[in-house]
Amino acid sequence: DFATLLQSNNDPTSYCQAWEECAKYYQDNNRYLYEAPTLRPEGESRGYADDATWILTSSFVIFTMQSGFGMLEAGSCSPGFEVNILMKNIIDVVFTALMYYLVGYGISFGEPSTPFMGKGNIPADGGYMEEHSGLHYSKYVFQMSFAATSTTIVSGAVAMRLKFFVYVLYSLIAVIFYAFVAHWTFAKGGFLKDMGAYDFAGGASVHVFGGINGLIATLFLGPRTGRFDGTKPIKDFFPSSPVSQCLGLFCLWWGWIGFNCGSSFGITNDRWVVAIRCAVTTINSTVGGGIVSLIYSLWRTKGKLIIPEHVINGILGSLVAITPACASVNTYEAYPIGGIGALVGLGINTFVCHLRIDDPVGAIGVHAGAGTWGLLAVGLFADSQLPGVEVMDGLFRGGGFKLLGLQVVTIVCTMAWAIMWSTIFFYIVGIILSRDWRDPRKGLRVTREEEEQGADLYFHGVINYDKLYTDSCDDDDDPTDMFGENGDDRIPHRTSKSELYERSIFHRCRFEHLTENVQEQGDANLDIDKEEAERAVDDTDSKVGRAVPGDRYSDFVRFLSSRNSHKGQHPKIEVPDESKNAIDPMPLDNTCDKTERTSDPMYDLADLTEIVRSICEELIDTRYSSQGHTRHSTMRSTGTNSMLPGTRRRSNDGRASFTERASKIYR
């Protein structure tokens, strides 16, 4: 139209008027005058390419945040769930990219645009014209990274409980509903943006939306088993790897700079000024948040400790808080915004814990809480005089309550939308899978056995030796076949607990006998056997140490009752017939009755070692007593009355002594 006007009308006034209208049109649509072929002088397309390159590079940086989320969440959970957490973060990228290309981008930024959603660009195909397709696709990649970040927030809040298949469905559907909020706050024609609300880098669509989704999902799933009812010690819920948490923070910290700076959508004209200001405010915000989180941790521990989770979540809270405000506030104002954001995030997480809402990574406080504060901070600190931004003055700049009110409306709309769709989603999926409209949790949540043994094993076939599950050998089942006769042959075979116990006993006893013979007879030929026995003891001890954390006394009793009928191929210590009843373990239906226990006692390696020593001594006692010998006369020539190092003197009544000690250990 502009080219036709120039050809038909040479009036300078009409020329200037047409130029102004064209400039306004392209400015409103994030395009430039030199996109029109008849107006683009040679070489001016470089600015267009620079903007696209800046957006694309920022997208690459933002995608490193997926690594940060994965490491942070894996380090915050118990052993046995690390692979499952990382797989969920992989799923986020795969299915978010799929649905955002097919549907999401068109809902967010499609033309024509309505106040509620976009209607074009479904799928997000921008053609292949040189300038237009470059900016279009770079913008698509950038916005898709935002959508993936919003989705992955939920993976931390539901860690160790949500079924993997349900999370796949969530990743597919969540990006569609994210796209609506992104349209309201980012796109031309979105009703919140047209009203004057301001969210520069996704405080509402990414963080508040994702945090509220995580809250609803957590309420549907309930807390982890034993988290608040006292049936498990609190140490079972400590983070498995603070090192992984800290490394995750660094990845997120680096990615957040690209998150905020890239939202300038270019570096031409005065956009490079906006990008640099965003970088400074982002860093200053983390300074304020880091200082506050250090003080908070010292206050909570009465000046004794600096807890890593406090510092990590405090800094993350400051990053979330500055996200919507990073371009519209002065650099020095980022300090209080970040400090308050850290305090809000940590405080809400503490309050949520008191309400017995189980959020392993603190996503609710960090994202929903600090994100809400960041949107309110725009209404307080926004400065319309800053170059490169179009925003009303905040309350502290003399702008009154108008902008603050619009920010409140943005928060309410985002939260209401998230609560509405996520409640419907989790309820419908839950009742479909559980086939019980009164109990959607059953369809959403993993079984108790899967939760206790770890999702890595049950969903991905990855064995974690800290949570190794094995059956006792008191029946005819193969203890290495967890998945039945048709199980996956790729799954490594494992040794059962009872076999490890018995093998450890055999090797230790063999070692002691060899030591005794070498000392008494001086037979040099036995040194080789002694070295082999030492290696066998070390190897078996290492396997036992990896396999037994979490074993109950009942497993130990089952071993005692089945030690003579065990079908293993390794040598055994033979117990004479007349002394088979020398060891009389406590019956399961009496002292060990599960209904009488108020907690689930766990043994550490020291307790197991004591039990193994007791069994070994008892077997040797019965063997030597049946042969008319005493351990004092036949064992070590050094004169000790203990078969194993560090074992206390035993009474002659091995049966009574053993029962007493085992009862004490069990209690």
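The values are calculated or read from the model by the stated rules, or taken from the named source; none is laboratory data. Bear in mind that the values here come from a model prediction, so they are computed numbers and not experimental data. Glycine also receives a Cβ, built like all others from the backbone with ideal geometry; neighbour counts cover every protein chain displayed. Heads up: the accessible areas ignore ligands, DNA and RNA and are worked out on the full protein's heavy atoms, side chains in. Shrake-Rupley method; radii C 1.70, N 1.55, O 1.52, S 1.80 Å.
Per 0.36 nm of contour for each residue apart, how much would the distance between Ile90 and Ile176 grow if the chain were fully extended, relative to their Cα-Cα spacing?
29.1 nm
Could you order peptides 315-323, 444-452 by the average number of other Cβ atoms within 10 Å of their residues, highest first?
315-323, 444-452
In the stretch 320-478, what percent of the accessible surface is made up of carbon and sulfur (1.4 Å probe, ligands and nucleic acids excluded)?
Using a 1.4 Å probe with all protein chains present, the stretch 320-478 comes out at 59 percent carbon and sulfur.
What are the residues whose amide H is under 5 Å from the amide H of Val462, where those residues sit 5 or more places off or on another chain and H is modelled from the backbone?
Amide H to amide H, under 5 Å and 5 or more residues apart or across chains, Val462 pairs with Leu457.
Just the Cα atoms of the stretch 343-471: what Rg and Dmax do they give in Å?
21.9, 71
Using only C-alpha atoms and all pairs of different ones, pull out the Kirkwood radius for the stretch 245-370 in Å with one decimal.
Hydrodynamic radius (Kirkwood, Cα pairs) of the stretch 245-370 is 14.6 Å.
Would you give the gap between the C-alpha center of the stretch 385-405 and the C-alpha center of the stretch 316-369, rounded to a whole Å?
Between the Cα centres of the stretch 385-405 and the stretch 316-369 lies a distance of 22 Å.
Of Gly398, Pro440, Met415, whose Cα points farthest to the positive end of the dipole of the stretch 394-465 (charges on the beta-carbon: +1 Lys, Arg; -1 Asp, Glu; origin at the Cα centre)?
Comparing the listed Cα positions along the dipole, Gly398 ranks first.
Counting only residues 5 or more places away or on other chains, whose amide H sits under 5 Å from the amide H of Ala382 once H atoms are built in the peptide plane?
Residues meeting the criterion, in which the H sits 1.01 Å from N, are Gly394, Leu395.
Over all alpha-carbon pairs of the stretch 77-125, lay out the pair-distance distribution in 5 Å bins, whole %, shortest bin first.
Here the calculated profile for the stretch 77-125 is 6, 22, 17, 13, 11, 9, 8, 7, 5, 2.
All other residues with a Cβ under 15 Å from the Cβ of Leu169 taken together, and with Lys, Arg as +1 and Asp, Glu as -1, what is their net charge?
+2
State the percentage of accessible surface on the stretch 254-304 attributable to carbon and sulfur atoms; use a 1.4 Å probe and exclude ligands, DNA and RNA.
Taking all protein chains in place, the stretch 254-304 shows 73 percent carbon and sulfur surface.
Take the solvent-accessible surface of the protein heavy atoms, probe 1.4 Å, and return the percent of it on the stretch 165-216 that carbon and sulfur atoms account for.
76
Determine the principal axes of the Cα atoms in the stretch 92-182, then give the extent along each, sorted from largest to smallest and rounded to whole angstroms.
47, 27, 16
Please give the length that would be gained between Arg300 and Ile424 if that part of the chain were fully extended, namely 0.36 nm times their separation in residues minus their C-alpha to C-alpha distance (nm, one decimal).
Length gained between Arg300 and Ile424: 40.8 nm.
Past 21 Å, Cα to Cα: identify those pairs from Lys119/Lys139; Lys88/Lys163; Lys232/Lys304; Lys235/Lys442; Lys119/Lys188; Lys163/Lys442, in the order given.
Those over the limit are Lys232/Lys304; Lys235/Lys442.
What's the percent breakdown of Cα-Cα distances in the stretch 147-186 across 10 Å bins, shortest bin first?
Using 10 Å bins, I get a P(r) of 27, 52, 18, 3 for the stretch 147-186.
I need the calculated FRET efficiency for the pair Glu111 and Leu219, taking r as the beta carbon distance and R₀ as 41 Å, to the nearest 0.05.
0.60
Quick one: 3J(HN,Hα) in Hz for the stretch 289-299, Karplus 6.51/-1.76/1.60 with θ = phi - 60°, rounded, Gly and Pro as x.
Using θ = phi - 60°, the values come out as x, x, 5, 5, 5, 5, 5, 4, 5, 5, 5 Hz.
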